[in-house]
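The block underneath contains the structure these notes are about, expressed in structure tokens.
The values are calculated or read from the model by the stated rules, or taken from the named source; none is laboratory data. Because the structure is a prediction, the values reported are computed rather than measured. Cβ sites come from the backbone with ideal geometry, for glycine too, and all protein chains shown count toward neighbours. Just the protein is used for accessible areas: all its heavy atoms, side chains included, with ligands, DNA and RNA removed. Shrake-Rupley method; radii C 1.70, N 1.55, O 1.52, S 1.80 Å.
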Amino acid sequence: MPSTIDEIRTALETRLTAARDAQDVRSAQIEYLGKKGTVTALLKQISGVAEDQRRQFGEQVNALKQWAAQAIEQRLSNLSFTTRRYDIDFSLPGQLMPAGKKHILTQVEEEVESVFLSMGFDIEEGPEIEQEYYNFEALNIPADHPARDMQDTFYLAPGMLLRTHTSPIQVRTMKRENPPIRMIATGRCYRRDAVDASHTPVFTQVEGLVIDKDITFADLKGVLQEFVRGVFGSSTNVKLLPSFFPFVEPGAETAISCPICGGKGCPTCKNSGWIEMGGSGMVHQNVLQEVGYDPSIYQGFAFGWGIERIAMIKYGIRDIRMFYDNDLDFLGQF
Ligand code: DAH
């Protein structure tokens with residue numbers, strides 16, 4: 001008997017080594033461990049063996065069975081490994097995995113931030129769900145002020161709203177810190193505007209604020225000049241036009257020389273050579289007083305521009321809705 005067990009083991013070993021695929025191994029498995037298999041037949045013999053040898057024989061047959069099951073599994077996994085290895089054709093060109101990228105608005109935001117970081121500005125943040133106080137009152141826009149109509153607001157609860165601009169971040173920063181201040185903040189803003197080629201209810205702004213002693217309108221112009229040259233190229237110029245915003249005095253609309261035609265006149269600048277980019281001005285005394293600064297010691301300037309507008313001019317995008325349509329063919333170009 002023992003020789004039979006050893007013979008069976010050796011035969012199965014040889015058989016498995018010779019197996020060329022999983023199919024070979026499976027048929028060996030049936031031959032040895034199947035219902036009518038060699039090992040199964042031995043198991044059935046156990047009860048017929050003379051009593052003094054039964055126990056030893058039983059142990060040997062069971063050990064054989066266990067070994068056979070393991071050897072078969074082992075061989076199967078080796079085979080699948082080697083088969084897989086041979087399946088790989090290293091000469092084939094690789095498959096490109098589709099990779100995500102930053103949204104164009106995020107890219108422009110980061111570009112703007114890097115221009116201001118290089119001028120020594122800090123980057124601040126503020127909440128999109130804002131208190132009416134920071135969005136309006138503290139910015140010299142009291143409850144009955146007509147300027148509130150310019151900014152159709154999503155109110156969430158009495159005194160709470162979705163910020164209509166990034167200017168409340170000015171107030172939060174001034175209340176938290178002492179002058180001098182040099183900051184910008186970018187972020188989403190919300191207004192109840194009807195959607196068209198130049199309006200979306202969600203849009204992105206960049207806000208800037210500088211507060212120090214002896215700050216003048218010339219500093220505002222100089223900083224804006226650096227900003228637009230960093231983003232649109234070194235030959236871009238800035239022009240300040242009188243305008244009104246309750247939180248600045250004097251206030252100015254900022255125009256840049258058209259980066260598309262270099263100021264000669266083209267459809268983008270409506271043949272004027274200039275493109276209006278956003279608001280700016282010297283921080284209003286009421287705002288400085290509201291945050292506890294003494295206007296006879298500290299002055300400052302501020303500006304707020306649309307990131308979408310910057311991106312549209314930089315990349316020749318005609319419709320603001322493109323930024324929010326999630327069309328991957330469009331977004332993938334940037
Ligand atoms: N917050 C203004 C708006 O969204 C833009 C603006 C104008 C911001 C003048 C400023 C500024 O900081 O000085 O309409």
Original post:
Of the peptides 181-191, 98-108, how do they stack up when ordered by the mean number of other Cβ atoms within 10 Å, highest first?
Top reply: 181-191, 98-108
**OP:** Using amide H atoms built 1.01 Å from N in the peptide plane, name the residues 5+ places from Gly251, or on other chains, whose amide H lies under 5 Å from its own.
**Re:** Ser243, Phe245
Original post:
Out of the range 168-257, which GluC sites (Glu not before Pro) are coil in DSSP terms and have no more than 16 other C-beta atoms within 10 Å?
Top reply: Glu177
**OP:** Report ³J(HN,Hα) in whole Hz for each residue of the range 152-163, in order, from the Karplus equation J = 6.51 cos²θ - 1.76 cosθ + 1.60 where θ = phi - 60°; Gly and Pro get x.
**Re:** 4, 9, 8, 8, 9, 6, x, x, 10, 8, 8, 3
Original post:
So, in Å, what gap is there between the alpha-carbon centers of the range 97-174 and the range 178-242?
Top reply: 12
Original post:
How much length, in nm to one decimal, is gained on full extension between Ala157 and Ser198, taken as 0.36 nm per residue of separation minus their Cα-Cα distance?
Top reply: 11.9 nm
**OP:** Would you kindly derive the ³J(HN,Hα) couplings of the range 36-53 from the backbone phi angles with the Karplus curve 6.51 cos²θ - 1.76 cosθ + 1.60 (θ = phi - 60°), listing them in order in whole Hz, with x for Gly and Pro?
**Re:** 9, x, 4, 5, 4, 4, 4, 4, 5, 6, 3, 5, x, 6, 3, 4, 5, 10
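Tell me, what % of the accessible area of the chain is carbon and sulfur with a 1.4 angstrom probe?
51
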**OP:** Mind ranking Trp67, Trp305 by accessible surface for me, highest first, 1.4 Å probe?
**Re:** Trp67, Trp305
**OP:** Determine the principal axes of the Cα atoms in the range 196-256, then give the extent along each, sorted from largest to smallest and rounded to whole angstroms.
**Re:** 42, 32, 20
Subject >> Local electrostatic count, Ser243, Cβ distance below 14 Å [Lys/Arg +1, Asp/Glu -1] >> reply: -2
Original post:
Per residue, how much accessible area does the chain have with a 1.4 Å probe, in Å²?
Top reply: 56
Original post:
Projected onto the charge dipole of the chain (+1 at Lys/Arg Cβ, -1 at Asp/Glu Cβ, origin at the Cα centre), which of Pro295, Ser235, Phe90 gives the Cα projection farthest towards the positive end?
Top reply: Phe90
Subject >> Cα coordinate range in the chain, projected on the principal axes (Å, largest first) >> reply: 114, 47, 38
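Can you give the FRET efficiency for Ile260 and Ile123, using 1/(1 + (r/R0)^6), R0 = 30 Å, r = Cβ-Cβ distance, to the nearest 0.05?
Efficiency computed from Cβ-Cβ geometry: 0.55.
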**OP:** Please list, or write none, the lysines whose alpha carbon is within less than 27 Å of the alpha carbon of Lys36, excluding same-chain residues fewer than 8 places away.
**Re:** Lys44, Lys65
**OP:** Taking the dipole about the Cα centre of the chain, with the C-beta of Lys and Arg at +1 and of Asp and Glu at -1, give me whichever of Ile181, Gln225, Gly332 is farthest to the positive side.
**Re:** Gly332
Original post:
To two decimal places, what compactness ratio does the range 177-226 give when its Cα radius of gyration is scaled by 2.2 N^0.38 Å?
Top reply: 1.57
Original post:
With charges set only on the Cβ (+1 for Lys and Arg, -1 for Asp and Glu), what does the dipole of the range 2-87 come to about its Cα centre, in debye to the nearest 20?
Top reply: 260
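Would you mind working out the magnitude of the charge dipole of the chain relative to its Cα centre, with +1 at each Lys and Arg C-beta and -1 at each Asp and Glu C-beta, to the nearest 20 Debye?
The dipole magnitude comes to about 1460 debye.
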Subject >> Label-point separation in nm, Tyr324 to Ile46, each point 7 Å along Cα→Cβ >> reply: 7.5
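Taking the Cα centre as origin and putting +1 on Lys and Arg beta-carbons and -1 on Asp and Glu beta-carbons, what dipole magnitude results for the range 227-314, to the nearest 20 debye? Can you show the working numbers first?
On the way: 6 positive and 6 negative charges, 118 e Å.
Computed charge dipole of the range 227-314: roughly 560 debye.
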